[in-house]
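Taking it in order: structure first as structure tokens, then the write-up.
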Amino acid sequence: MQPMRKAKAVLLETLLVAALGLALALAANALSSRGLRLNRNYFPGGERLAVANPGSNSVGVASNAAPADPLEATRQRLQQLGLQLVSSNEVVALFRDPRYEPGLVLIVDARDDKHYTAGHIPGAWQFHHYRPENFLPDLLPVSLAAQQIVVYCAGGQCEDSEFAALMLRDAGVPREKLFVYAGGITEWTNHGLPVEIGARRSGELLNPRP
Amino acid sequence: MSSAVSGPIAGRFGAADFMSVAARWVLGGLFVYMGLSKALHPVEFLKLVRQYDLLHHHLLLNVVASTLPWFEIFCGLLLLLGVAVRGASVMLVAMLIPFTVVVLLRALAIHEAGGLPFCAIKFDCGCGAGEVYVCKKLAENTLLTALSMALIFWRSHFLCLRHAVFRSVPASKPVLNDE
């Protein structure tokens with residue numbers, strides 16, 4: 001009888017820990033300024049998952065048949081989502097386009113504050129889509145007025161540019177205007193192109209003459 | 001605090017008691033640290049959870065990513081304080097075994113896809129310590145699971161605020177612990 005009682009006591013204690021822990025965890029998430037919104041889809045159009053591993057020495061694992069060329073796979077995936085891919089050269093051309101200064105061409109950085117302030121394409125707007133309420137009030141009006149919008153993130157395995165573009169599309173920006181720069185800031189800096197540090201239009205530039 | 005703590009420690013507690021405390025504090029400290037490192041960066045943890053491709057509904061994904069770190073902190077604190085030790089240890093085992101299995105499955109998938117030596121595979125498993133070599137992570141998780149299991153069966157109440165929440169024998173019996 002004793003082992004049964006002991007097991008029952010442990011089981012009851014486990015259930016208590018589980019229930020109390022879950023309740024406290026939900027409360028902590030709700031109270032935390034960094035907490036997640038439970039009902040928000042942070043990965044719009046992201047039901048597919050092509051990348052299983054971003055590890056430093058490992059390889060990507062495709063969950064289903066995909067083209068061997070990662071760029072082609074990205075292009076196809078974006079096409080399915082109604083988005084277009086742009087190359088580094090095209091982004092440079094848009095960056096130097098006379099329409100860039102008046103805001104008819106927009107470049108949008110989909111990374112978080114830390115990475116954005118560490119260096120972004122000069123004049124790029126920030127849109128970390130995990131906290132849309134912080135960015136959309138300013139970004140949406142200029143996006144609606146723009147003719148072309150290029151969204152980028154870190155490059156490589158980063159998918160945040162796609163999610164940010166999809167969130168802009170869902171907010172009402174026509175999909176024809178939206179382009180994804182898959183190479184991201186990594187490719188941009190590797191080409192020795194200028195990078196702005198700190199806030200947008202801070203004037204602090206690295207590599208000012210590419 | 002357990003009533004026995006007030007006496008001379010050397011005379012009343014054995015090596016098993018000290019081992020039990022060490023196990024609780026190691027596990028508790030580790031879970032609080034790992035939980036905090038995830039709770040402070042929930043978006044990063046959310047992305048890592050998603051990469052396992054196990055949860056396909058966003059609500060489920062968000063619930064797991066937002067509660068798991070705090071739940072780990074809670075269980076870690078219980079162990080550090082010595083409250084509901086067995087219940088918290090069962091929960092750790094219930095978390096560690098599935099974590100270890102999914103890390104192993106993912107490592108095997110990478111191994112098959114890339115042909116890398118198994119122990120050379122390194123990735124951020126979402127465990128709170130950044131990128132780690134998979135063999136080291138599996139060994140670490142096995143050790144932590146063994147320690148958690150030991151705490152379920154160890155009877156020591158040394159330096160516990162309340163080792164057991166529910167007593168397993170009638171209160172009228174004169175016992176020092178919950179046996």
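For the range A:1-20, which residues satisfy the criterion of being more than 8 Å from chain B (Cβ to nearest Cβ) and more than 17 Å from residue B:88 (Cβ to Cβ)?
A:1, A:3, A:4
Specify the residue that is farthest from residue B:147 (Cα to Cα); the eligible residues are those in the range B:29-46 that are part of a helix (DSSP H, G or I) and free of Cβ contacts under 8 Å to residues at least 12 places away in the same chain.
B:43
What are the pairs, 6+ residues apart or on separate chains, where a residue within the range A:83-100 that is surrounded by 15 or more Cβ atoms within 10 Å (Cβ to Cβ) has its Cβ under 6 Å from a residue that is of a type in the set (A, V, I, L, M) and part of a loop (DSSP other than H, G, I, E, B)?
What qualifies is A:85/A:182.
Can you name the condition, by its number, that residue B:123 falls short on among (1) crowded, with 18+ Cβ neighbours inside 10 Å; (2) modelled with pLDDT of 90 or more; (3) within 13 Å of chain A (Cβ to nearest Cβ)?
(2)
Within the range B:88-98, can one find any residue that is assigned to a helix (DSSP H, G or I) and within 30 Å of residue A:129 (Cβ to Cβ)?
yes
Looking only at the range A:170-194, which residues are over 14 Å from the mean Cα position of the chain (by Cα), part of a helix (DSSP H, G or I) and in contact (Cβ under 8 Å) with a residue 12 or more places away in the chain?
A:170, A:175, A:177, A:186, A:187, A:188, A:189
What number of residues in the range B:25-53 are in contact with a Leu (Cβ under 9 Å, 6 or more places away or on another chain), over 13 Å from residue A:34 (Cα atoms) and of a type outside the set (Asp, Glu)?
Residues in the range B:25-53 being in contact with a Leu (Cβ under 9 Å, 6 or more places away or on another chain), over 13 Å from residue A:34 (Cα atoms) and of a type outside the set (Asp, Glu): 13 in total.
For the list (1) touching a helix residue (DSSP H, G or I) at 6+ places or on another chain (Cβ under 8 Å); (2) more than 10 Å from every other protein chain (Cβ to nearest Cβ); (3) under 28 Å from residue B:79 (Cβ atoms); (4) of a type outside the set (D, E, K, R), I need the number of the one condition that residue B:146 fails.
Only one criterion is unmet by residue B:146, namely (1).
Any residue at all in the range A:177-196 that is in contact with a strand residue (DSSP E or B) (Cβ under 7 Å, 6 or more places away or on another chain), surrounded by fewer than 18 Cβ atoms within 10 Å (Cβ to Cβ) and farther than 19 Å from residue A:112 by Cβ?
Yes - at least one qualifying residue is present in the range A:177-196.
Report the residue count in the range B:83-110 for those that are within 9 Å of another protein chain (Cβ to nearest Cβ) and over 18 Å from the mean Cα position of the chain (by Cα).
4
In this structure, is residue B:73 within 12 Å of chain A (Cβ to nearest Cβ) and under 17 Å from residue B:25 (Cα atoms)?
Yes; evaluated as a whole, the condition is true for this residue.
With respect to residue B:32, determine if the residue is modelled with pLDDT of 90 or more, more than 10 Å from every other protein chain (Cβ to nearest Cβ), closer than 28 Å to residue A:45 by Cα and under 18 Å from the mean Cα position of the chain (by Cα).
No: the conditions fail for residue B:32.
Name the one entry in B:49, B:101, B:26, B:21 that is free of Cβ contacts under 8 Å to residues at least 40 places away in the same chain and in a helix (DSSP H, G or I).
From the options B:49, B:101, B:26, B:21, the qualifying one is B:101.
Only one residue in B:94, B:39 is in contact with a Pro (Cβ under 9 Å, 6 or more places away or on another chain) and either among the small types (Gly, Ala, Ser) or farther than 24 Å from residue A:13 by Cβ (or both). Which one?
After ruling out the rest, the residue left standing is B:39.
Among B:15, B:4, B:10, B:22, which is under 22 Å from the mean Cα position of the chain (by Cα) and modelled with pLDDT under 95?
When all the criteria are applied, what remains is B:22.
What helices (runs of 4 or more DSSP H), lying completely within the range A:5-118, carry at least 1 residues that are at pLDDT below 90?
In the range A:5-118, the matching helices (runs of 4 or more DSSP H) lie at A:70-80.
Given the structure, is residue A:145 more than 29 Å from residue B:46 (Cα to Cα), of a type outside the set (Lys, Arg) and touching a residue at least 24 places away in the same chain (Cβ under 8 Å)?
Here the answer is yes, as residue A:145 does meet what is asked.
The values are calculated or read from the model by the stated rules, or taken from the named source; none is laboratory data. What you see is a predicted model; the values in this text were computed from it and never measured. Neighbour counts are summed over all protein chains in view; Cβ atoms, including those assigned to glycine, are modelled from backbone coordinates with ideal geometry.
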